[in-house]
Amino acid sequence: MQLVLESLGKRYAGRGWALSEFTLTLTPGVTGLLGPNGAGKSTLMRILATVASPSAGRVLWNGTDLARSPDTLREVLGYLPQDFGVYPQLTALEFLDYIAAAKGLDARSARQRIEQLLELVNLTDARHRSLGGFSGGMRQRVGIAQALLNDPRVLIVDEPTAGLDPEERVRFRNLLGDLAGERIVLLSTHIVSDVEATASRIVMMGQGRLLADAAPDALLESMRGRVWECDVAATEVEPLRARHHVGATLRRGDRVLARLVSGDPPAGARAVEPTLEDAYLDVQRATSVAS
Amino acid sequence: MAIALSTAAAHPVRARHAGLGMLVRLVMADVLERTRRPGYLVSLLAMLWLGQHMLPASGAPYRTMVLHEVYRPIYNAAWVGTLTAMLTGMWFALIGFYQVKGSVERDRRTGVGQVLAASRLGSLTYLTVRMLGNAAVFASQAAMVLAAALIQQQVLGEDRRVDLWASASPFVMIAGPMALMVSAAAVLFDCVRPLRGGLGNIAWFFLFGFFMAGTRMDDPNAAEWRDYSGTRVVVNDVRHALAQQHPETASAPRVFSMGVNFSERFRNQHPQTFEWTGMRWTWRTLATRLPWLVLTGLLLLGARTAFDRFATAPRPAGHAWFGWRWPGRRARASGTAAPRGAHELVVARRGFAVFGVLRAELALLLKGPSPWWYVVVLGLWIAQIAAPLKAVREVVLPLASFWPALLWSALGQRERRDATGPVLFSCPRPVTRQLPAAWLAGAIVMLLAGAPALLRFAGGGDWAALAAWALGAAFVPALALCSGIWSGGRTLFEVLYLFAWYAGPMQHIAWLDYTGLTSARSASQWLFYSVAAVGLMVLAAVGRARQARS
């Protein structure tokens, strides 16, 4: 079971290439897709979800070209788009029933699964309420439920935790971990901690291109010995930024604890354990410097 | 805040200029936003085409204004400008309103309104900006019509002398006040909650008809203020010129028609021309334009009164008014254990889902309207049972065919409106599964709307009437789907349907009577509606396939 992306490109009229020469092979497991706003993540997700056609290259699902036969993937696809919409006049139960019918699922067995999914996303008590009255987080949970209706082999979720409160975010991460295994899960986000908690593979992109593709451990290893923390006066932060790549800063009175990535640390800096956020910021910075 | 206040007080002139500058910048931003929409260029090209066709050559099968059976003004600079300006004014009122309506509602939907409401921008200033934005769209359309008219003047060659003032001034004097009034009315409709959507579109159509009747162009003694389209002063002046040049026409019966009038007899009639040098605008004739400027101001003030400054969230389109549910959904499915994780979920089998999609499409159509909508349906059903069959065919069924118009107008565009497209289009067979179900749901609604009458037709063996209504039921949702998918909104269908309904079932123009009940339907009309229904569905399918892989 694999989803192969071959030299994928997408060009929008008047906006140039949103995606360019993107080659990747997705296999079972959770792949985290990281990138800043405008990196082309959603464009890539839309192409993989068969709702957009690539301008160049092709996508192969188990050897079948999706341009010729998109339904082969749609039969086993679960997709949560970034701007997930609902029909406000329907209840959560009715909406999920509608999507189940659109996916071609048998009404009786779909009903059982819908009830279970509502339980799983903690919406059982709200299942008879009109979606028009749902909060953003509740709608997002309906979106997660609809993506899982057909027991998808390929699950594509674009910014799934947007609008979720911390408790629901943890619940979703656990659910995603539970789903991994025999499924291809592609999780797009710019929240590094979401990926850190669930992904067995991390793909980073920027300006429509693939920047990095590695296991989290490999990424962390590549950063070892290059991440530092130093305690400086507030007035010294800007000069520090000028010389080093400063990431997170934490203000303590008139002092600032700065985290930086550097091969040549300032005096007094101490080495710390790298995180995926360090790796992400380093890759993005290296790309922007190169371009 | 204190600094801002003291600055304003110390430099009142600068503050006032800053306000004017802000107004200009806001209008400019509004104009830029509108002119960069994909449909804008198309609308300008359409105006160029329209402008050219507003001036039919001798022997053309149609006329746009008839003032005398034999004579018409020569196509000189004054007449091409004046005639196109009058017709453009009518266009603004009839069609332009629908083009510009929705600017305030768009701010509400996109959330931009919340940002503006939190700024120092006054409500009246904001509404004026939106009104001027509407007027700017009209101005650009008028400019295209004027350009087309000047070209057509040269093409027709009856009098090629160019006089820009004579051609352009009628646009300012005649079409201008109309454009402002319609612009303000569109803003008012955006601010009054019940008039924001399809109900407003229908209300404007009837309001426009009411106004047209109020001008009383056939009454020479009617008050001049009634002449809101600016036509009467021109027509009187043209008639005066005709009487002077051809005195025998002074006693002839008055003839007046404005708009597109098709007749084969026009092909053989070559009207004689006379010279009309244009309006001499006096204070008196200019004063006839004043009431409409005053009305513009009143409409704007009305909008200001109704405007909630985006305090209320937009009611979700198609919001359920009352909470009936799909059958069999109240109780939790028995025997379904609560899962502890994704691994414990039951797997839903693939199956025959056609009825599921159809049921859902029907629910989407029928869960939106208020209880009052159903009360009217009930009234129409009772009338279909109780009224004589002739009245049922000519009055009740046309009304029943119109009543669900706002339900049908959601077809084809709600996937975009509610942003459900990406999910639905990533499902298997998005065109062949969901689209026919949506069409069938629309057809069922029309069949239900006329159900008692259909039973009476069946009882009386009137199979032709039954078939005609059924063909209408196939045609109308196909038109709605096609319009919704290709336009991305509901207005196109609402306007098309309104005109078709008014001209067809109500005015008995057989070719536009999609119900086929108010006049005898010829074989070619049967064929036309059958082919149109299929053709529209094919077009809808092509559009949907394009959307699904955009």
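What follows draws every value from the coordinates through simple rules; no lab data is involved. As the structure is a computational prediction, the values presented were derived from the model and not from experiment. No Cβ is skipped: glycine too gets one built from the backbone with ideal geometry, and neighbour counts run over all protein chains shown.
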>> Using a 7 Å offset from the Cα along the Cα-to-Cβ direction at both A:Arg243 and B:Ser263, what is the distance between the two label points in nm, to one decimal?
In response: 9.4 nm
> Using θ = phi - 60° and the Karplus curve 6.51 cos²θ - 1.76 cosθ + 1.60, what whole-Hz ³J(HN,Hα) does each residue of region B:276-281 get, with Gly and Pro shown as x?
Replying inline: 10, 8, x, 6, 9, 6
> In terms of the ratio Rg/(2.2 N^0.38 Å) built on C-alpha atoms, what value belongs to region B:406-507?
Replying inline: 1.21
> Excluding A:Gly253 itself, what net charge comes from residues whose Cβ is under 15 Å from its Cβ, given Lys and Arg +1 and Asp and Glu -1?
Replying inline: 0
> Where Lys and Arg each count +1 and Asp and Glu each count -1, what net charge lies around B:Leu44 among other residues with Cβ under 14 Å from its Cβ?
Replying inline: +3
>> Can you show me the helix-derived [θ] at 222 nm for chain B, built from DSSP H runs with n ≥ 4 at -39,500 (n - 2.57) apiece and divided by the number of residues, rounded to the nearest 500.
In response: -19000 deg cm²/dmol
> What is the calculated FRET efficiency for A:Arg285 to A:Glu6, with r their C-beta to C-beta distance and R₀ = 35 Å, to the nearest 0.05?
Replying inline: 0.75
> Whole-Hz Karplus ³J(HN,Hα) for region A:127-142, in order, using 6.51 cos²θ - 1.76 cosθ + 1.60 and θ = phi - 60°, x for Gly and Pro?
Replying inline: 5, 9, 8, 5, 5, x, x, 7, 6, x, x, 5, 4, 5, 5, 5
> Can you list residues whose amide H is under 5 Å from A:Ala248's amide H, if they're 5+ apart or on another chain and H is modeled 1.01 Å from N?
Replying inline: A:Arg259
> How many nm separate the modelled label positions at B:Gln154 and A:Ala234, each set 7 Å beyond the Cα in the direction of the Cβ?
Replying inline: 7.1 nm
>> One quarter of the convex hull surface, Cα atoms only: what value does that give for chain B in nm²?
In response: 35.1 nm²
>> With angles folded into 0 to 90 degrees, how steeply does helix A:107-120 sit against the dominant principal axis of chain A? Use alpha carbons for both and round to 10.
In response: 30 degrees
> If you find the alpha carbon centre of region A:44-95 and of region A:113-189, how far apart are they in angstrom?
Replying inline: 17 Å
> What is the extension gain from B:Leu286 to B:Ala419, computed as 0.36 nm multiplied by their sequence separation minus the C-alpha to C-alpha distance, in nm to one decimal?
Replying inline: 42.9 nm
>> Net charge around B:Cys191, counting only other residues with Cβ within less than 12 Å of its Cβ (Lys, Arg = +1; Asp, Glu = -1)?
In response: +3
> What is the spin-label model distance, in nm, from B:Ala311 to B:Leu207 if the labels are put 7 Å beyond Cα along the C-beta direction?
Replying inline: 2.3 nm
> Going through the DSSP H helices of chain B, which span 30 Å or more along their own axis at the Cα atoms while scoring at least 1.0 as a mean Kyte-Doolittle hydropathy?
Replying inline: B:123-156, B:463-487
> Scattering from the C-alpha atoms of region B:13-306 alone, worked out with Debye: what is log10 I(q)/I(0) at q = 0.08, 0.09, 0.10 1/Å?
Replying inline: -0.38, -0.48, -0.59
>> I'd like the FRET efficiency for B:Ile74 and B:Ala458, computed as 1/(1 + (r/R0)^6) with the beta carbon distance as r and R0 of 51 Å, rounded to 0.05.
In response: 0.25
>> Can you give me the angle between helix A:92-102 and the longest principal axis of chain A, using Cα atoms only, in degrees from 0 to 90, rounded to the nearest 10?
In response: 80 degrees
> Summing -39500 (n - 2.57) over the DSSP H runs of n ≥ 4 in chain A and dividing by its residue number, what mean residue ellipticity at 222 nm do you reach, to the nearest 500 deg cm²/dmol?
Replying inline: -10000 deg cm²/dmol
>> Give the residue list of trypsin sites (Lys or Arg not before Pro) in region A:54-121 that are DSSP loop and have at most 10 other beta-carbon atoms within 10 angstrom.
In response: A:Arg68
> What are the lysines whose alpha-carbon lies under 27 Å from the alpha-carbon of A:Lys41, with same-chain residues fewer than 8 places away excluded?
Replying inline: A:Lys10, A:Lys103
>> Taking amide H atoms as placed 1.01 Å from N in the peptide plane, list the residues 5 or more away in sequence, or in a different chain, whose amide H sits under 5 Å from that of A:Ala212.
In response: A:Met204
> Short version: ³J(HN,Hα) in whole Hz for each residue of region A:169-186, in order, from phi by Karplus 6.51 cos²θ - 1.76 cosθ + 1.60 (θ = phi - 60°), x for Gly and Pro, what are they?
Replying inline: 5, 5, 4, 5, 4, 5, 4, 5, x, 5, 6, 4, x, 8, 10, 8, 10, 10
>> I want to verify the translational diffusion coefficient of the protein assembly as shown in µm²/s; compute it with Stokes-Einstein, Rh as the Kirkwood radius over Cα pairs, at 25 °C and 0.890 mPa s.
In response: 78 µm²/s
> What share of Cα pairs, in percent, lie more than 36 angstrom apart in chain A?
Replying inline: 25 percent
> Listing B:Phe256, A:Phe95 from the residue with the fewest other Cβ atoms within 10 Å to the one with the most, what is the order?
Replying inline: B:Phe256, A:Phe95
